[in-house]
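Heads up, the thing below is written out as C-alpha cells.
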2 protein chains.
Amino acid sequence: MAPPLVQRAAILGLGLMGGSLGLALREHGAAASVIGYDAAVGVAEAALGAGAVDEMARSVAACVTGADLVVLATPVVAMRPLMAEMAPYLSSGTLVTDLGSTKVEVMQWAADMRPRGVTFIGGHPMCGSERSGIEAATAAIFHGAVWCLTPQPTGGDTRTASLALLIQRLGALPRVVEAARHDQAMARVSHLPLVVAAALMRTVTAHEDAAFALSLAAGGLRDTTRVASGSPIMARDICLTNASALTAALDVHIALLQDLRAQIAAGDDPALLAHFDEARAARVAWLDGRGAGS
Amino acid sequence: MAPPLVQRAAILGLGLMGGSLGLALREHGAAASVIGYDAAVGVAEAALGAGAVDEMARSVAACVTGADLVVLATPVVAMRPLMAEMAPYLSSGTLVTDLGSTKVEVMQWAADMRPRGVTFIGGHPMCGSERSGIEAATAAIFHGAVWCLTPQPTGGDTRTASLALLIQRLGALPRVVEAARHDQAMARVSHLPLVVAAALMRTVTAHEDAAFALSLAAGGLRDTTRVASGSPIMARDICLTNASALTAALDVHIALLQDLRAQIAAGDDPALLAHFDEARAARVAWLDGRGAGS
C-alpha cells in the first residue's frame, strides 16, 4: 500500500459521513492513524468497534491536538461552535476541512475563526444515504463520488492539491469550485429535492385516507421521497445555511407547480405533454452525459 | 402447470405494461393463447419476437374477435376511442379490463359503451418503470405488486373473482377498490409525485448554471426525479383524467411548500426540524409497515 498522506487524522462527528471517512482513510491507508470524537453517548465506541477509527477521544481538544488533518463531519450548524472550541488546540500547519452540504457560511465562519498557521479548505463529498448514523457508514460511499473543494480565496494551492490527492486515494473525484456557485447549484440539485421529498410525504399523510393510499403506494412514491428518510438535523441545517439560494429555487419551483395546476385544471393537453416531454428529455440527457444509468 | 384460466387473451397496446402482461400470461400459462395489437409500426412484431404474444393482429377488430379476455393496455385517453372501435366485435360473455392509472373516467366510458353481455372491470397494477416500451417489458414487473380492481357497481362478482384468480397466477395481489377512492389515493401517492418529479427536473434546467449543477448532482436528484423518465403520454393522460383529485393534491402540496419557503426565509429552526422529523417518521412507518426496505 502507498505510504500514508497524513499522520494523524482527527474526525469530529462519527455519523454516516464521518464514520465512512474513517473507514475509508483506514481501508486505503491514507492516514497513519485516525482519531475520532462524537458528542453523542456511545457513538465513538461504536465507531471504534466498526473499525472507523483507531482511537477515540473524550473531548474535542483531545481529538484535534497533534492532528495534521482535522475533518468536521457534523451537521453544518454545529460546525460554528465546534470551530471556536477546537481553535486553541490546533497546531500551526494543520489542514482543516469539513464534509458539510453548504459552503458559503462554513467558509465565512472558518475565515472569522481560523487561528494563525491553520489552513481551512471547505469540502463536500457528493454522496450520502437515506440512512444515517455510524451503523450506515461504509468506505464505499465515496467511490466515484464528486467531492467539491472550496479553498479560501487567498493562497493554499499546495494544501488544496494535497487534500485532492487524499480524496483521490479514497476513490472519489476532487473538484475545486467556488463556494457561492456550489451553494447555488446545490440549492437546485440537492436541497430543493430534499425539501420537496419531505413535503410530498407530508402531503400524502395530510389526507384523511392516507393509510389506504399508502397501502397502495409503490416504487414511485418510495423513490421520490427516499431522501426524506435522511437525517432531519442535516436537512434543517441545509435550510438554515443556504436560505437565499434555496428560497430562490423554491420560488421557481412553486411558480412552475402553479402553472401546472392551472394546465391540469384547464385540461391543457399540449402544455402538459410539453412539460413531461421536456422533463424526460432533460433527465435522459443528464444521465446519458454521465453514463449513470436510470 | 395449472390449466389456463382463459382461452384467448387479447391485449390492445404492447408497451411496457401490455408487453409485460403478455409475457406474464404466457410464462404462467394463464391464457391458452395471447394475441396482441399495437397501433405503432413495428411494436406488435417486436412483442412477437420478445415472446409477449403468440400471435399479432393487424387491427383492433381482429385482435378482440373471439377473445374471452380483452385487456386495454394503452395510455388512458386512448382507451375511449378504442372502446368504441372494439365494441362491435366483442362476443357476449367477454371480460374486458384495463391497466390504466386512473379509474373513474375509464369506468364511465366503459359504462357508456359496454355492449350487451360484456363485463368491464377496471384494473390498475401498482407497478411500472421509468423505462417504457416493449423493450422494457418483463413478467417480473407484477411480482408482489398490488393490482387494484374496480368492478362496475352492479353485479359481476364471479367475474371479479375470476379476474382476481388470474392476477394471482401472475404473482400479483388483487385488491378490489372503489374507483373514486382509488383515484383520490393515486392523486397523492402516484400522480402528484409524477408531476412534481418532472417539475423538479425543469426547475434545475431553468437555471442559467444548470449544466454545472447537473455535473455535481448525485443520487438524491436521480431518485427524486426517476419517474420523470417515464412515458410523457401516460403522464399527460393521468393529468387529463384525474384532474380534480390531482389539483386538490397540488393545492395542499403548494401550500406546504409556501409555508416551508417562509420558514426557510425566517430561519425558523423548530418548524423546519419538525417538518423533516415528521416526514421521516411518516416514511419510515410506511415502509416498516410493508417490509419494503428503504
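The values are calculated or read from the model by the stated rules, or taken from the named source; none is laboratory data. Computed from a prediction, not measured in an experiment: that's the story for all the values here. Don't worry about glycine lacking a Cβ; one is built from the backbone with ideal geometry, like all the others, and counts go over all protein chains shown.
See the values below:
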| read-out | value |
| --- | --- |
| The lone exception for residue A:219 - which of (1) out of contact with any Gly (no Cβ under 8 Å at 6 or more places or on another chain); (2) closer than 15 Å to residue B:224 by Cβ it fails | (1) |
| Flag for residue B:195 being closer than 16 Å to residue A:193 by Cβ and touching a Cys at 6+ places or on another chain (Cβ under 8 Å) | yes |
| Qualifying positions in region B:184-227 - in contact (Cβ under 8 Å) with a residue 12 or more places away in the chain, touching a Lys or Arg at 6+ places or on another chain (Cβ under 6 Å) and either farther than 21 Å from residue A:245 by Cβ or not in a helix (DSSP H, G or I) (or both) | B:225 |
| Any chance residue A:256 is modelled with pLDDT of 95 or more and crowded, with 20+ Cβ neighbours inside 10 Å | no |
| Region A:97-115, residues that are among the hydrophobic types (A, V, I, L, M, F, W, C) and under 21 Å from residue A:146 (Cβ atoms) | A:99, A:104, A:106, A:107 |
| Test result for residue A:11, within 30 Å of residue A:246 (Cα to Cα) and part of a strand (DSSP E or B) | yes |
| Count - residues of region A:167-182 that are part of a helix (DSSP H, G or I), more than 8 Å from chain B (Cβ to nearest Cβ) and either touching a Phe, Trp or Tyr at 6+ places or on another chain (Cβ under 9 Å) or under 27 Å from residue A:25 (Cβ atoms) (or both) | 4 |
| Residues of region A:265-286 satisfying the condition of being part of a helix (DSSP H, G or I) and of a type in the set (Gly, Ala, Ser) | A:265, A:266, A:271, A:274, A:279, A:281, A:282, A:285 |
| Qualifying residues in region A:196-230 (those that are of a type in the set (A, V, I, L, M) and more than 7 Å from chain B (Cβ to nearest Cβ)) - the one surrounded by the fewest Cβ atoms within 10 Å (Cβ to Cβ) | A:211 |
| Criterion violated by residue A:148 - all others in (1) more than 27 Å from residue B:202 (Cα to Cα); (2) facing another protein chain (nearest Cβ under 9 Å) satisfied | (1) |
| Test for residue B:32: is it part of a strand (DSSP E or B) and more than 12 Å from residue B:13 (Cα to Cα) | yes |
| Those residues of region A:183-195 which are over 12 Å from the mean Cα position of the chain (by Cα), within 15 Å of residue B:210 (Cβ to Cβ) and within 8 Å of chain B (Cβ to nearest Cβ), in sequence order | A:184, A:185, A:188, A:189, A:192, A:193 |
| Region A:232-253, subset of a type outside the set (A, V, I, L, M, F, W, C) and surrounded by 21 or more Cβ atoms within 10 Å (Cβ to Cβ), residue farthest from the chain's Cα centre (by Cα) | A:253 |
| Enumeration of residues in region A:134-166 that are closer than 22 Å to residue A:111 by Cβ and in a helix (DSSP H, G or I) | A:157, A:158, A:159, A:160, A:161, A:162, A:163, A:164 |
| Count of residues meeting criterion [of a type in the set (Lys, Arg) and buried (at least 20 other Cβ atoms within 10 Å of the Cβ)] in region A:175-190 | 1 |
| Within region A:131-174, considering residues that are of a type in the set (Val, Ile, Thr) and under 14 Å from the mean Cα position of the chain (by Cα), the one surrounded by the fewest Cβ atoms within 10 Å (Cβ to Cβ) | A:146 |
